[in-house]
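Each value in this text was obtained by applying a stated rule to the coordinates, not by laboratory testing. Given the structure is predicted, the values throughout are model-derived calculations rather than measurements. Note that we place each Cβ from the backbone using ideal geometry, even for glycine, and neighbour counts take in every protein chain shown.
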Amino acid sequence: MLGPVILAASRSDRIRRLISAAPVTKQVVDRFIPGERVDDIVPVIRELTGRGLDVTMDVVGEDITRPEQAAAARDAYLELIDRLKELELGERAEMSVKLSLFGQALDGGHELALANVRPVVEAAAAIGTTVTLDAEDHTTLDSTFAIHDELRRDFPQTGCVIQAYLFRTEADARRLAENGSRVRLVKGAYKEPADVAFQQKAEIDKAYVRVLKILMDGEGYPMIGSHDPRLISIAQELAHRAGRKLDEYEFQMLYGIRGDEHLRLAAEGHRMRVYTAYGTDWYGYFMRRLAEKPANLRFFARSMVSK
Ligand code: FAD
């Protein structure tokens, strides 16, 4: 199991400096993070949506240390939403937000993150779209769900994410599977201890199916965040059994991963949303993508050696 080792190593400052400074890093990073500035990303949004795909946009960054950085992140989202206005995509282009980037881990972070995310949710609603709150490590989730509840009072379409690897997730899914609630289900990308999360892939996959069933049988809007072909066909089957129409759930995948599958599902009439990250602070996002697939790490290591 290379993944947890990579995730643990990624916390080291030495490794961060090494990876960030490597001359080949940029070209490997570009596969997952297709731009640093809004001007880079608008053409990418046009291209994806032109191919019949929807997007959810993530300004990369986490682990900030000062409130000014949180305010800058909020402003980066507001700038993006302003640009989206002219594209007139409505809910075809939504936002994904990590509350850690909005200050959640700082002193008074719960209130700070809520104060920073609210204007983003408001601006998104004003152009006919919405925001999904990403799920980060398990210690942040009570705060994230409380912020989600608070935002949903005024903006019921605000989405959240639940992670199949956590023991708590079946209960969260039951609570969230209510009318109008948008819930993205993922396996989970953080290194979590054995007292809160399943550690084996087979157990995580089984939990994913159990939770997916709760969401499909419930009244909300399930968003299936996975590239796993087995889980995608199970999701189609469960949606069919629950009598859901094609517009009553959606698939989501990450930019740069299984692009052919994005197009195949869209061509079958499914709503397929591509999670597209951009920005300069790409390190944490990039390392989680390496950890998910050892072949990515081998590819990265090979390109470093062959330079
Ligand atoms: P896996 O079993 O990991 O992968 C299945 C197959 O997909 C692999 O065999 C491979 O072919 C392909 N694949 C998967 N990952 C990669 C990769 N990195 N590079 C190349 N190929 C790959 N996690 C969170 O903890 N919080 C979130 O908020 C969150 N949001 C997400 C949003 C979306 C839209 C998606 C798709 C994932 C998100 N994740 C999030 C990540 C998620 O938790 C998993 O780590 C990730 O999706 C890999 O799991 P998988 O379901 O694709 O299955």
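Please find, within the stretch 277-290, the residue that is farthest from the ligand (Cβ to nearest atom) out of those that are over 15 Å from G256 (Cβ atoms) and part of a helix (DSSP H, G or I). Step by step, filter the stretch 277-290, then rank; the result is Y283. Confirm whether K245 is out of contact with any strand residue (DSSP E or B) (no Cβ under 9 Å at 6 or more places or on another chain), within 18 Å of I214 (Cα to Cα), surrounded by fewer than 20 Cβ atoms within 10 Å (Cβ to Cβ) and basic (K, R). When the stated conditions are applied, K245 passes them. Looking at E192, E178, just one residue is surrounded by fewer than 19 Cβ atoms within 10 Å (Cβ to Cβ) and either over 17 Å from the mean Cα position of the chain (by Cα) or not in a helix (DSSP H, G or I) (or both), and that residue is E178.
For the stretch 154-170, which residues satisfy the criterion of being within 14 Å of the ligand (Cβ to nearest atom) and not β-branched (V, I, T)? G159, C160, Q163, A164, Y165, L166, R168, listed by residue number.
Return the residues of the stretch 214-233 that are in a helix (DSSP H, G or I), within 16 Å of the ligand (Cβ to nearest atom) and in contact (Cβ under 8 Å) with a residue 12 or more places away in the chain; say none if nothing qualifies. Steps first, please.
As a first pass, look at the stretch 214-233 and keep what is in a helix (DSSP H, G or I): 214-217, 229-233.
From the residues that got through so far, the ones that are within 16 Å of the ligand (Cβ to nearest atom) too are 215, 229-233.
If the condition is that a residue be in a helix (DSSP H, G or I), within 16 Å of the ligand (Cβ to nearest atom) and in contact (Cβ under 8 Å) with a residue 12 or more places away in the chain, then L215, P229, R230, L231, I232 are the ones that fit.
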